[in-house]
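Peer 1: Quick one: the structure is below, questions incoming.
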2 protein chains.
Amino acid sequence: MKKVIAILILTMTVLSCSQKKNDMKTFDPTFAHTVFFWFKNPDSKADKAKFEASLTTFLNNSQYAKTKFIGTAPNASRDVVDGSFTYSLILSFESAEAQAKYQSEPPHLKFVEECSDLWEKVIVYDSKTIN
Amino acid sequence: MKKVIAILILTMTVLSCSQKKNDMKTFDPTFAHTVFFWFKNPDSKADKAKFEASLTTFLNNSQYAKTKFIGTAPNASRDVVDGSFTYSLILSFESAEAQAKYQSEPPHLKFVEECSDLWEKVIVYDSKTIN
């Protein structure tokens, strides 16, 4: 019986670790927050490096953000696709309240202070699940 | 030993079922596909019911789409947020190729045929992870 319990604990531990590792791959449909950034100098490697480092630090320190997807536009394949943005951000939250708290988190304010000079346009779309 | 194996199989089965149940909550950062729809008649309950039913059927039958988030705009809290769209769609894919195949899936074509009259504007943003 002890052996059984030991194996069960080991299995659960391994699965729990892989869950943590995949934390950035979970999506909470309660509240999705999508942001598109258009840079003043979209070809500047220095601006991109600064943005990615600052945004990554912010997200790693956010108490509320889930999913934490940072993207760029692939080569647009169809006319209907807007591939003109420099960066996209897809986050999810467990509630609208959590997203509101995220807006005023110190790591968020620091990111805006460090990087808001880099972009000339931002569009934010918030969504709640229909289910 | 047989008992151990039986318990392990049972544990894995239970976990595998809960994985399937949460399939709509997984996000594949390889390729994100985000669509915003603006309806001709955003207050029409009949149009919304038709769209939700058709889109849900399509996504349930898609071989390629992951995440499958259908959303609407919550009350916009800040000026920077565009809350004017009628529906949002956030999907993820294991590859750019999978997203390309999704575009020509029969359930996708059927959805477009059934619902494209409902919207007056669509914006699509595709993104690939920076990592």
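Peer 1: Residues A:A73, A:A96: which one is out of contact with any His (no Cβ under 8 Å at 6 or more places or on another chain) and closer than 11 Å to A:H33 by Cβ?
Peer 2: A:A96
Peer 1: Sticking with this one: Going residue by residue through region A:75-89, is there one that turns out to be over 28 Å from B:K101 (Cα atoms) and among the charged types (D, E, K, R)?
Peer 2: no
Peer 1: Please count how many residues of region A:65-119 are among the aliphatic types (A, V, I, L, M), facing chain B (nearest Cβ under 7 Å) and touching a residue at least 12 places away in the same chain (Cβ under 8 Å).
Peer 2: Summing the residues that are among the aliphatic types (A, V, I, L, M), facing chain B (nearest Cβ under 7 Å) and touching a residue at least 12 places away in the same chain (Cβ under 8 Å) in region A:65-119 gives 4.
Peer 1: Here are some conditions: (1) open to solvent by 50 Å² or more (accessible area, probe 1.4 Å); (2) among the aliphatic types (A, V, I, L, M); (3) modelled with pLDDT of 95 or more. B:V14 meets all but one. Which one does it not meet?
Peer 2: Failing condition for B:V14: (3).
Peer 1: Now for a separate question. Take region A:82-97 and flag every residue that is of a type outside the set (D, E, K, R) and over 15 Å from B:R78 (Cα atoms).
Peer 2: A:G83, A:S84, A:F85, A:T86, A:Y87, A:S88, A:L89, A:I90, A:L91, A:S92, A:F93, A:S95, listed by residue number.
Peer 1: Which one of A:F37, A:F51 is under 23 Å from A:P107 (Cα atoms), modelled with pLDDT of 95 or more and in contact with a Lys or Arg (Cβ under 8 Å, 6 or more places away or on another chain)?
Peer 2: Answer to the check: A:F37.
Peer 1: Residues in region B:68-103 that are at pLDDT below 95 and β-branched (V, I, T): how many?
Peer 2: 2
The values are calculated or read from the model by the stated rules, or taken from the named source; none is laboratory data. Every value quoted in this text rests on a predicted model; they were computed, and no experiment measured them. Every residue, glycine as well, gets a Cβ built from its backbone with ideal geometry; the counts of neighbours run over all protein chains shown. Ligands, DNA and RNA are stripped out before the accessible areas are found, and what is left, the full protein with its side chains, is counted by its heavy atoms. Shrake-Rupley method; radii C 1.70, N 1.55, O 1.52, S 1.80 Å.
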